[in-house]
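The values are calculated or read from the model by the stated rules, or taken from the named source; none is laboratory data. Computed from a prediction, not measured in an experiment: that's the story for all the values here. Glycine also receives a Cβ, built like all others from the backbone with ideal geometry; neighbour counts cover every protein chain displayed.
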């Protein structure tokens, strides 16, 4: 897998950094990096859970079928508009 530095080179990375600062501003970059990091973490966690589910489909099938056997009503009684 190629790294970003291998694809763009150091000059390209500097240019991308300057464009990011101009577009988002210096104060928004830490927030952007934090949200990208948390999204990457959630994606990796979901990929690991999916791999575990593929390795052991019996245990995940019983967990999902237990949740789907409970009756679910779309509306609770007394909720929503009443007509007379």
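Points to keep in mind about this one:
- Close pairs (7 angstrom Cβ cut-off, 6 or more residues apart or separate chains): in a helix (DSSP H, G or I) in segment 41-68, modelled with pLDDT under 75 anywhere: 53/60
- Residue among 7, 22 that alone is surrounded by fewer than 10 Cβ atoms within 10 Å (Cβ to Cβ) and at pLDDT 85 or above: 22
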